[in-house]
Structures are given as structure tokens and as C-alpha cells.
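The values are calculated or read from the model by the stated rules, or taken from the named source; none is laboratory data. Note that this is a predicted model, so its numbers are computed, not measured. In this analysis, Cβ positions are derived from the backbone assuming ideal geometry, glycine residues included, and neighbour counts consider all displayed protein chains. Accessible surface areas use protein heavy atoms only, side chains included; no ligands, DNA or RNA. Shrake-Rupley method; radii C 1.70, N 1.55, O 1.52, S 1.80 Å.
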Amino acid sequence: MEEVRETSAWVARNSSHVTIDSSGLEKVVETMKESIPKVEWDYEGIHYFDNGPLTVQYLFVLDALNFCFWPDKDLNYDHLAKGLKEALLNDHSAFDADRLTNYTGPQLRELLKWPRSLPLEEERVRLLHEVGFELERSFEGKASKLVESCGKSAVKLVALVTRHFPGFRDHSMYKGHQVFLYKRAQIFAADLWGAFKGQGYGEFNDIGSITMFADYIVPAVLQQLGVLKYSSTLANAIQASSEIGAGTEEEVELRACSIFAVEKMRELLSIKCGKQVLSVELDLWLWSVGVQCPSLQHHRTLSIYY
């Protein structure tokens, strides 16, 4: 994860469209000093959990599909998490590796009980096939075997996921530098940690190495809190709901500067409060603030990575 931290810091230092406001950052940290917000991982009760390997399989499928909801104004993460949960409760073999390799778009829609085409539906189906094929080829069809092979290291798990599953290789070129973000690979480790409460399949001796998960919601919350500042061009594009291309300077800066800002927030909390807060915990709090704010305006990018 040092690659994620270092390359995000490089983007923040060389950014043209997004800046981190140090005074805004300090104000947010000041409000959190007395009571650092704690948010339960499944605070809405929308995820499948049976404390065993099937939960690991569910979470891996969920995180393979956890991207790009905004083109359909009625669709959100809750629909995906709950839809997959219901599918698994109805049929415990729904996410068996051999079945994942054969799903079609209409079958995925039926699984989620969604009445129309999903955003980037063909990509979602392709990624399901990729997950099923590679789990079968390298991990006896089981995501739990993938997790067991990481030796309780979240960093090793992210490395294994990105090595074996190309759809999780979330990186970009920015001003001649490669930038690593790894949102969905990291969130798989964090979901395991949250679901299993740091025990069993969720026990990682280095969970503090995981960064925040650079998506649509957290950058918008950080901007609303005064931590991120946008150039007028970028602010106008977001205000107008214009699409911002994947891999553009603006898009990479929004994501990388969010990672850097949360790392700085974490450092400041440690200095001012003497408390060690995980980036995972800060991300969950920021995300929960964002999803409870319907008027929040986020950037719009068509991407399989978030």
C-alpha cells in the first residue's frame, strides 16, 4: 500500500485542479478531537453474513461488482449488496465459481431483481466471469482459499487479488507517472475485516496499511467539509453533472488527493489526540456522511474501478 500512498502524495504535490486546504483539514480534525466518529460496518443490515466461507464468496462477488451506479439515478450500492444477499439466501450455490463464469446480463439483472439494464452491464458480466474462472483455476473455486493464502496480511491479499484478477488493477497514468489506487481490492480486505470484526477470515495483522477507498462519495464529502478545493473549471463540470473522463488529470486528482487528505487527517488525529485511527474507519465515516446527504454533488466518471 506504500505505492498507493506515495503515488497519491505525488499527485497531491503536482495537482492542477484539486488542492488540499490545510486550514480546512485542521478544522475537521478539531471537530473530531473529542469524539472520533465510529460507524459499524453493516450499520444498515444490508449484507449477507454467516461467519463462514460463503460470506467471503459473497463479499468477493460484491466487491467485483461494486462500481459505477450513478448513470441509473435509482440504483445504488444498497441495491447491489441487498440483491446479492437475497440471491444467496434463496440459493447457496448462486456464487459457485462455475456458475459465475456463465452468468449473462439478463441473469445478473434477475439475480438482483433489477428491472432494466445495469450501468456498464457487459463489464459487470465480464468481471463475474473473470472472478469465477480464476477462483476455479487457482483457488479451488473458493474466495476463502484466496484469503487463507494471504497469511493474515491485508497488503498481501490486495497484492494477490490484483495479481490474479485484472479487473481489480486500478491504476492510472498521470503526468508521466503511474498512480496506484486499488479501491476495490482494498475494500475487499476492509469488508472482510469489518464483517468478521477482525477475527477469522477478517483477521489482518496490518489492517492499518489499507488506505481510504477513492470513489465518488468521499471526495465530494471532503470538498463539502472544506478539505478539498476545486479549480473553477472542475467545480463547474461537477455542478453541471458533466462526465469527467476516466484517467483524465481531473479524475485522478479527485481520487488521489482524497487518499492523501485522509492520510493527513489520520496523522493529525494522532498528533492532536494521541489516538490511532485507521484510514478504513475514517473512510467508513466519510462515506456514511455522504450517502445520507441526497443533495451531495459528486463527479461523474464511467469506470469499472469505483
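Just checking, how many residues over the stretch 40-60 are surrounded by 18 or more Cβ atoms within 10 Å (Cβ to Cβ) and closer than 23 Å to residue 118 by Cβ?
Of the residues in that region, 6 qualify.
Inspect all residues belonging to the stretch 173-187 and state whether any of them is more than 19 Å from residue 278 (Cα to Cα) and open to solvent by less than 10 Å² (accessible area, probe 1.4 Å).
Yes, some residue in the stretch 173-187 is more than 19 Å from residue 278 (Cα to Cα) and open to solvent by less than 10 Å² (accessible area, probe 1.4 Å).
Output the residue which, of all residues in the stretch 1-21 that are open to solvent by 70 Å² or more (accessible area, probe 1.4 Å) and closer than 23 Å to residue 209 by Cα, is farthest from the chain's Cα centre (by Cα).
Of everything passing the filter in the stretch 1-21, 13 is farthest from the chain's Cα centre (by Cα).
Residue-by-condition table, conditions (1) over 18 Å from the mean Cα position of the chain (by Cα); (2) over 27 Å from residue 26 (Cβ atoms); (3) of a type in the set (Val, Ile, Thr):
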position: 162; (1), (2), (3): no, yes, yes
position: 171; (1), (2), (3): no, yes, no
position: 178; (1), (2), (3): yes, yes, no
position: 184; (1), (2), (3): no, yes, no
position: 241; (1), (2), (3): yes, yes, no
position: 262; (1), (2), (3): no, no, yes
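Within the stretch 111-123, is there a residue that is under 20 Å from residue 54 (Cα atoms), open to solvent by less than 40 Å² (accessible area, probe 1.4 Å), among the acidic types (Asp, Glu) and under 22 Å from the mean Cα position of the chain (by Cα)?
No.
Give just the number: which of (1) buried (at least 24 other Cβ atoms within 10 Å of the Cβ); (2) touching a Lys or Arg at 6+ places or on another chain (Cβ under 7 Å); (3) charged (D, E, K, R) does residue 243 not satisfy?
Going through (1) buried (at least 24 other Cβ atoms within 10 Å of the Cβ); (2) touching a Lys or Arg at 6+ places or on another chain (Cβ under 7 Å); (3) charged (D, E, K, R) one by one, residue 243 breaks only (1).
In the stretch 246-275, which residues are exposed (fewer than 14 other Cβ atoms within 10 Å of the Cβ) and among the hydrophobic types (A, V, I, L, M, F, W, C)?
Answer for the stretch 246-275, where residues must be exposed (fewer than 14 other Cβ atoms within 10 Å of the Cβ) and among the hydrophobic types (A, V, I, L, M, F, W, C): just 271.
Can you say whether residue 63 is within 28 Å of residue 150 (Cβ to Cβ) and either surrounded by fewer than 17 Cβ atoms within 10 Å (Cβ to Cβ) or modelled with pLDDT under 95 (or both), as far as the supplied structure shows?
No; evaluated as a whole, the condition is false for this residue.
Under 6 Å by Cβ, and 6 or more places apart or on different chains, what pairs join a residue from the stretch 79-108 that is closer than 24 Å to residue 140 by Cβ with one that is in a helix (DSSP H, G or I) and polar (S, T, N, Q)?
Listed pairs, sorted by first residue: 95/57.
Out of 229, 275, 264, report the one residue that is of a type outside the set (A, V, I, L, M) and in a strand (DSSP E or B).
229
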